[in-house]
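Worksheet for the structure shown next.
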C-alpha cells in the first residue's frame, strides 16, 4: 500500500512535493509504566510501540515515535509531515547529540546516518514481535526506549532523560548499533521512512514493507496518478479528509 503513495509522488512531484498528511487514529497498545507487568524506565506513563494512522489517505498504517520529548494528541486531525529516507536525511529532526558510550563506538560518537540506521534495525525487531501480548509488551517498550535513548540521551551511560535504560533495552541498542557498524543489517535501512513534522510535534518512523504490485496494478496506479496531476497542474488544490481531534490522549511523556 505504501508503494502506491510513493508512486504518485514520483509521477507528479510538482503536485505532491515532499509533504504528506497524516491523521492519527489510535494510541499504541503498550503502556510503558504503571503496572508491575509492564514497568520500564520512565517516571511517567508512556505509550510504546505502534500508533495507528492514516497516511496520505491510506488507513491502518503503523508508526513508531522516535521523539521522547514532545507530545502528540491521538486521535488527531490532519497533520503535515515531510518524508525522509536514509538516502536523504536533510529534513530529519535529529542531527547530533546521540547516545555515547555504546560498545561499538569505541570512544567515538554516533553520526546522524548511523543513528537512523540503528533506528531501522531496532524498528525491524520491534515490528517482528507482532501484536501486543502479555508476553511481549515489555520487549515492545524496551525497543521503543532504546530508540528514544539513542536520539535523546540523558547521560553517556545510556540514560533517557529520567532514568537509566534497563538491561534488555541497553542490550538491544548495543546490538543494533553493532550490526550497523559491522554492516550486517543493510536491508533494514532501505525500508525506513522518517516522518518529520513540518511545524511542531513528534517525529515518527515506519517500515515500507509493502509487496511490489502486479503489472495490472501498476497500470491502474499510473493512470490514476496522471488524473490526479491534471487539476493540480491547472492551479486547483485538493484537501485531505479530516478526523475530529478529540485531544483526549497524548503519546509519550
Hits in the stretch 88-106 - residues which are free of Cβ contacts under 8 Å to residues at least 40 places away in the same chain and farther than 15 Å from residue 180 by Cα: 88, 90, 95, 96
Tally of residues being more than 15 Å from residue 150 (Cβ to Cβ) and in contact with a strand residue (DSSP E or B) (Cβ under 9 Å, 6 or more places away or on another chain) across the stretch 90-111: 2
Selected residue (criterion: modelled with the highest pLDDT) from residues of the stretch 202-222 that are assigned to a loop (DSSP other than H, G, I, E, B) and surrounded by fewer than 20 Cβ atoms within 10 Å (Cβ to Cβ): 208
Single unsatisfied condition, residue 4 versus (1) surrounded by fewer than 21 Cβ atoms within 10 Å (Cβ to Cβ); (2) assigned to a loop (DSSP other than H, G, I, E, B); (3) modelled with pLDDT under 85: (2)
Count of residues meeting criterion [touching a helix residue (DSSP H, G or I) at 6+ places or on another chain (Cβ under 7 Å) and modelled with pLDDT of 80 or more] in the stretch 25-49: 3
Some residue of the stretch 96-110 being buried (at least 19 other Cβ atoms within 10 Å of the Cβ), under 15 Å from the mean Cα position of the chain (by Cα) and at negative phi: no
Residue in the stretch 79-92 that is surrounded by fewer than 17 Cβ atoms within 10 Å (Cβ to Cβ) and at pLDDT below 90 present: no
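The values are calculated or read from the model by the stated rules, or taken from the named source; none is laboratory data. Keep in mind that this is a model prediction, so the values were computed, not measured. FYI the Cβ positions are ideal-geometry reconstructions off the backbone, even for glycines, and counts take in every protein chain you see.
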